[in-house]
Amino acid sequence: MTELAIRPLVEDEEHLFESLPDSGLVGQAAFGRSYRALAAQGEYRPHLTWVALRGDDVVARAAWRATTHAGQPPALDWFDFIDFEAGVRLLRAAPMATQYHLALPPGWRNSPSTADAANARIGAARVAGLLPLVERYGYRWTPDRGLPDRPGRLVFRPEADDAVVLDTFRRIHHGTLDAHARRAAGDKGPEAAARKDLDIVNRMPRAREWLRLAYTPEGEPVGLMTTSWFREPLAGFAGVLPEHRGNGYSYDLLVEMMHLLVAEGAETIIGNADTTNHPMVSALARAGWPIVELRIHLA
């Protein structure tokens, strides 16, 4: 058998990446997204795109999402192969140590061919050392779904003091249902997990400017929300302090995000929620957000 060669792309090799046949059942192709189009938008870059070749034929490929800052890319979100072993070896050889986010159509488990395609990718990623972390719903709101009125139960204020924001993140993480926050706190402690979230807010376009702390009319802190606009308007983070959970405040935070982005001209907003984060899933459903995809995160 021809020796396997694994390497990143160089400029103008989009055709090489796209030479691998794709069933379009799962991953980016399942949603009509092409590598070439996403690369043209800056989503992918040659040095973050790797292929495994036998001779001149691509037998496995992987693309990591580009980022606006130095360091590791945020995630691997394009990975497929026609040779299972080559796919495993590609993931082991590439130097990007990130999560793998596999995009799936809703109801993917009900289609045997789609489930087979998904499980093949998950299986290769697991052999390469990644383990399932969480499944997330992907949402897309558009104005035809209606913009809910603000409930009016909370008062929202900007907060310039990073120490106050950091303390709020730290308190929100106590008992959180967010799998990524739990994992970060378990790996490095609650302080490091809170700092990681603050760092993300400070990096994302306008997220720090749009961050709001939420209070009762009497001035008691309830939680925190922030949003961003990176290529598309994004419903970012909504967290409720432990002592105020069970009152449906996730909905209030979400609606405030929506109003903020619509006031800025947003005609569509994307968002995500862990399938196990029932308060946030309920809030999104109540606010009229349809589920458009699922993503399995492996870490």
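No value in this document is a laboratory result; all are computed from the given coordinates. Just so it is clear, the structure is predicted and the values come from calculations on it, not from any experiment. Positions of Cβ are backbone-derived with ideal geometry, glycine not excepted, and every protein chain shown enters the neighbour counts.
Residues considered: LEU104, LEU16, LEU253. Largest GNM mean-square fluctuation over the chain, using C-alpha springs under 10 Å, is found at LEU16. Descending by average beta-carbon neighbour count within 10 Å, the peptides 161-167, 50-56 line up as 50-56, 161-167, the highest first.
Helix 179-188 and the longest principal axis of the C-alpha atoms of the chain enclose an angle of approximately 90°. Helix 190-203 and the longest principal axis of the C-alpha atoms of the chain enclose an angle of approximately 80°. Taken one residue at a time, the phi angles of region 142-156 give Karplus couplings (6.51, -1.76, 1.60, θ = phi - 60°) of 10, x, 5, 7, x, 9, x, 5, 5, x, x, 7, 10, 10, 10 Hz. Gly and Pro are set to x. Considering only beta bridges that DSSP places wholly inside region 4-130, some 90 percent are antiparallel.
Its Cα gyration tensor gives region 144-292 an equivalent ellipsoid. The semi-axes, each the square root of 5 times an eigenvalue, are 22, 17, 17 Å from largest down.
Scoring 275-284, 35-44, 142-151 by mean Cβ neighbours within 10 Å over their residues and listing the highest first yields 275-284, 35-44, 142-151.
With respect to the chain, whose longest principal axis is taken over its alpha-carbon atoms, helix 162-172 is tilted by about 80°.
Under 8 Å for C-alpha pairs, at least 6 residues apart: give me the relative contact order for the chain, rounded to a whole percent.
Numbers: 534 pairs, mean separation 59.5, N = 299.
In percent, rounded to a whole number, it is 20.
If you take the alpha carbon radius of gyration of the chain and divide it by 2.2 N^0.38 Å, what ratio comes out, to two decimals? Rg over 2.2 N^0.38 Å, computed on Cα atoms: 1.06. Rounded to the nearest whole Hz, the Karplus-based 3J(HN,Hα) values (6.51 cos²θ - 1.76 cosθ + 1.60, θ = phi - 60°) of region 39-50 follow the sequence 5, 5, 8, x, 6, 10, 9, x, 6, 9, 10, 10, with x at glycine and proline. Based on Cα atoms of region 17-63, Rg over Rh with Rh as the Kirkwood radius reads 0.96. Our estimate of slack between ARG286 and PHE230, defined as 0.36 nm per intervening residue step minus the Cα-Cα distance, is 17.6 nm. What is region 4-130 by shape, rounded, prolate or oblate, if you read a ≥ b ≥ c off the alpha carbon gyration tensor as root eigenvalues and call it rounded for a/c under 1.5, prolate for a/b larger than b/c, and oblate otherwise? In terms of gyration-tensor shape, rounded. Under 5 Å from the amide H of TYR44 lie the amide H atoms of ALA39, ALA66, each residue being 5 or more positions distant or on a separate chain, with H modelled from the backbone and absent for Pro and chain starts.
In order along region 126-135, phi translates into HN-Hα couplings of 5, 4, 6, x, 9, 10, x, 9, 6, 10 Hz, rounded to whole numbers, per the Karplus curve 6.51 cos²θ - 1.76 cosθ + 1.60 with θ = phi - 60° and x for Gly and Pro.
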